[in-house]
Amino acid sequence: MQPRLRHTACTAGLVLASLALGAQSRPATQPATLQTTDLPRAVLQQAPSPATPDDPRVMPINWVEARQDARTQTQFDTRAVAARRAPRFPQPGNEGAEAVTDTRLPVLIPSSNALGLGADPQTLLFPRENFYTLSITGADILVEVFGTRLAHATAPDDAAGRRLRAGDGDGYRVTATRYGQELSFNRYGAAYSITVECTRPEEDARCTAGDYVRRLADSLLIAAGRPDEGGE
């Protein structure tokens, strides 16, 4: 059984490491970083109106926290000089991926080391203003990352809200699926999920347990994203 591929490859190449957060260009050998200008505190603390399935609410993003994490991830491991020359995350090769510069939430991508899929796995990125989908295909495996700042519904009461937020100590919620594992969590005010699907889900250790998908979540790097216009 083959894993389900939800997207088709396009032709144009793109080095994602050169995409800037806040539309600033950086060399491909350096990880992208967020702009350092903090958003007004009122933007981070505003309380949007309730959402409905047909009228999703755009959630405010905590860019202050995202910038702090982005600064931390720029510190290289001096014991691995070769890592400075290699991409820290897989590079998307599809047309339209460059639109990620207009995505209004932190775009998180798992590191190449955590993926363990070789130097150049097939990588497709589909960015939109309020969400994105990343698809990484390796031998007998498909990894997808989805992030969104659109909330389609709110918890009906405090108890339901606690159940929806329940997870382990890292805030991860891991679920076994027919084809592998799915992990979801909230960060910076956005919702993210990582889906791992295997050709042989009953035999492949990456899909029989949650260790691999947790490792991907722990490795996530901020690759792009910027605040709304006028919010800086």
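The values are calculated or read from the model by the stated rules, or taken from the named source; none is laboratory data. Please read these numbers as outputs of a predicted model, since none were measured by experiment. Here Cβ is always computed from backbone atoms with ideal geometry, including for glycine, and neighbour counts include all displayed protein chains. Side chains are part of the model used for accessible areas, which takes the heavy atoms of the whole protein and leaves out ligands, DNA and RNA. Shrake-Rupley method; radii C 1.70, N 1.55, O 1.52, S 1.80 Å.
For the stretch 131-232, which fully contained helices (runs of 4 or more DSSP H) count at least 2 residues that are open to solvent by 20 Å² or more (accessible area, probe 1.4 Å) and modelled with pLDDT of 95 or more?
By residue number, 205-208, 211-219.
Return the residues of the stretch 175-232 that are in contact with a Phe, Trp or Tyr (Cβ under 8 Å, 6 or more places away or on another chain) and of a type in the set (Asp, Glu); say none if nothing qualifies.
Of everything in the stretch 175-232, just one residue is in contact with a Phe, Trp or Tyr (Cβ under 8 Å, 6 or more places away or on another chain) and of a type in the set (Asp, Glu), namely 197.
Are any residues in the stretch 96-130 among the β-branched types (Val, Ile, Thr), at pLDDT 95 or above and either in a strand (DSSP E or B) or open to solvent by 30 Å² or more (accessible area, probe 1.4 Å) (or both), and if so, which ones?
Scanning the stretch 96-130 gives 107, 109, 123.
May I ask you to verify whether residue 88 is in contact with a helix residue (DSSP H, G or I) (Cβ under 9 Å, 6 or more places away or on another chain) and modelled with pLDDT under 90?
In short, yes.
Can you tell me which condition residue 93 does not meet? The list is (1) buried (at least 19 other Cβ atoms within 10 Å of the Cβ); (2) not in a loop (DSSP other than H, G, I, E, B), and all the others hold.
Only one criterion is unmet by residue 93, namely (2).
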